[in-house]
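Colleague: Below you will find the structure I want to go over with you.
Values quoted throughout were computed directly from the atomic coordinates according to the rules given, and no laboratory measurement underlies them. Small disclaimer: the values here were computed from a predicted structure and weren't measured. When we count neighbours, we look across all protein chains shown, and the Cβ atoms used for this are built from the backbone with ideal geometry, even at glycine.
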Amino acid sequence: MRHKARHRGPVITMNWNTTLDVKTRVAVGAGARQKLSSILAQVGAGRRVLIVCQPTTAVHWLRDILDTLPTEDFQVTTLEVPDGEQCKTTEWLLRIWEHLEGRGFDRQDTVVALGGGAVLDLAGFACSTYMRGLNLVLIPTSLLAQVDAAIGGKNAINLPTGKNLAGTFFFPKAVLADQEVLGTLPGRQLTAGLAEIIKYALIEETVAKGTDYEKGPKPLLELVEEMVKDPVEYDDPTLSGIITNCIKMKLYVVHRDPHETGIRRSLNLGHTLGHALEAQSEFELNHGEAVAIGLYHATKYSVGQKKLEKDSLERVKEVLMRAELPYELPKGLSKDRLVQQMNSDKKRSGEKIRLVIPQTRLGVVDYEASYPVTELSKLV
């Protein structure tokens, strides 16, 4: 069953340039997916189009997307990959490569990734490495993917020893963030996306200071706190504005620092512990839930280090609870194994690891500091 947004606003289109002189068109709003054909024409894409999707997304939206691509203009093929993180493997990467090779794709042709963060990661990685790069268009169908995974040019697959250990920086030609497609999300997945939105709220001042991003009249954290007083609906007009705000924030960050050598590291708030939690729970915790716990424990660590007032921890706890997100470590997970997992994080260098820690007040983070890996035990 397809769900249409009850409140339709304009589709906002932004042209995003990085310091690498790469241009991406970002369309945000209910109905943005309908722009796919015109976007492909604008970027000079070839006739061949591969749509990579997952079963739970395909059943609701694949036919809808196919209908936007006239058969007289495009030769469209599709490839379904497993749901969730199970698709981010070398096996499925090879299958995409073989699909492209077998159908004669060249560098003018296009891969369209339709789905959540996992399928965007996989399709982006495959697209960036086949013939050193085809056209890439992302249609994120989860809230988490719309505000985070689809924006920024990161692509990756998982290895047995950790998440996202093999990856590339490769920027899409377009991102179509359509609020209507959130209507078919399970409630748990919609809630998971709120974790990344809360992360943006907790770094907003730092982003505003370090980029050209301009804060609104009310801090993002206050907007989120007001929104989560009631259960969040996918077509909430407040959510629509917040999605646009988060996308703008990340665009400005990536414009300034595409390869994560400076301020882009602020986007990793909560992620060091979060990625370890995902792996140790064998992905029973989804990304948003794991990041939510990571946000709370990073704030708790900062309070313990007297870098943040104690009432800040209660405020973070309250907004997570109201958003129906976890904040405590799940019972049964080994703290020692979590520390071991964090030790293999790609942000580690020797006996030091970069951690993003709130400081001074909520909205401000320190993303420059390196900590001894012995401090990791204090995060759990």
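Colleague: Can you tell me the orientation of helix 55-66 relative to the chain, as the angle in degrees between its alpha-carbon axis and the longest Cα principal axis, to the nearest 10?
Modeller: 40 degrees
Colleague: If you average the C-alpha positions of segment 162-180 and of segment 229-293 separately, how far apart do those two centres end up, in angstrom?
Modeller: 13 Å
Colleague: With +1 on the Cβ of every Lys and Arg and -1 on the Cβ of every Asp and Glu, and nothing else charged, how large is the dipole of the chain about its Cα centre, in debye rounded to the nearest 20?
Modeller: With Lys and Arg at +1 and Asp and Glu at -1, about 640 debye.
Colleague: Let me ask something additional. Pull up the cross-link candidates among the lysines for Lys306, meaning alpha carbon to alpha carbon under 19 Å and not fewer than 8 places away within one chain.
Modeller: Output for Lys306: Lys317, Lys378.
Colleague: Would you list Arg33, Arg337, Arg348 from fewest to most Cβ contacts within 10 Å?
Modeller: Arg337, Arg348, Arg33
Colleague: Here's a follow-up. Pop out the ³J(HN,Hα) list for segment 76-83 in order, Karplus 6.51 cos²θ - 1.76 cosθ + 1.60 with θ = phi - 60°, rounded to Hz; leave Gly and Pro as x.
Modeller: 9, 10, 10, 9, 8, 10, x, 5
Colleague: A follow-up question, please. Kindly write out, for segment 172-177 in residue order, the coupling ³J(HN,Hα) from the Karplus curve 6.51 cos²θ - 1.76 cosθ + 1.60 (θ = phi - 60°), rounded to whole Hz, with x marking Gly and Pro.
Modeller: x, 6, 7, 10, 10, 9
Colleague: Quick one: Karplus J couplings for segment 141-153, per residue in order, coefficients 6.51, -1.76, 1.60, θ = phi - 60°, nearest Hz, x for Gly and Pro?
Modeller: Listing the rounded values in order: 10, 10, 4, 4, 5, 5, 8, 9, 4, 7, 10, x, x Hz.
Colleague: Pull up all non-local amide H partners of Asp109: gap of 5 or more, or a different chain, and H-to-H distance under 5 Å with H placed in the peptide plane.
Modeller: Residues meeting the criterion, in which the H sits 1.01 Å from N, are Gly46, Asn135.
Colleague: Under the rule of at least 5 residues apart or a separate chain, name every residue whose amide H is placed under 5 Å from the amide H of Thr78.
Modeller: Ile51
Colleague: Return the single residue from Gly270, Gly241, Gly363 with maximal mean-square fluctuation; model: Gaussian network over the chain, springs between Cα atoms under 10 Å.
Modeller: Highest fluctuation of the listed residues: Gly241.
Colleague: Here is a follow-up. Identify, among Leu185, Val356, Ala195, the residue whose Cα sits farthest towards the positive end of the charge dipole of the chain, taking +1 on the Cβ of Lys and Arg and -1 on the Cβ of Asp and Glu, with the dipole about the Cα centre.
Modeller: Sorting the options by dipole projection puts first Val356.
Colleague: Let me ask something else. Whole percent per 5 Å bin, from 0 to the bin with the longest distance: what is P(r) over all C-alpha pairs of segment 22-106?
Modeller: 3, 12, 21, 20, 23, 18, 5, 0
Colleague: Just rank His60, His287, fewest to most, by other beta-carbon atoms within 10 angstrom.
Modeller: His60, His287
Colleague: Still on this structure: Quick one: grab the alpha carbon gyration tensor of the chain, order the square roots of its eigenvalues as a ≥ b ≥ c, and give me rounded if a/c is under 1.5, else prolate or oblate depending on whether a/b is larger than b/c.
Modeller: prolate
Colleague: Amide H of Val356 versus every other amide H placed in the peptide plane: which residues, excluding those fewer than 5 positions away on the same chain, fall under 5 Å?
Modeller: When sequence neighbours closer than 5 places are left aside, the close amide H contacts are Gly270.
Colleague: Which Cα, out of His99, Leu40, Gly152, lies furthest along the positive dipole direction of the chain (beta carbon charges, K/R +1, D/E -1)?
Modeller: Final value for the positive-end residue is Gly152.
Colleague: Restricting to lysines 8 or more places apart or on different chains, can you count the pairs in segment 159-225 with Cα atoms under 20 Å from each other?
Modeller: Lysine pairs satisfying the spacing and distance rule in segment 159-225 number 5.
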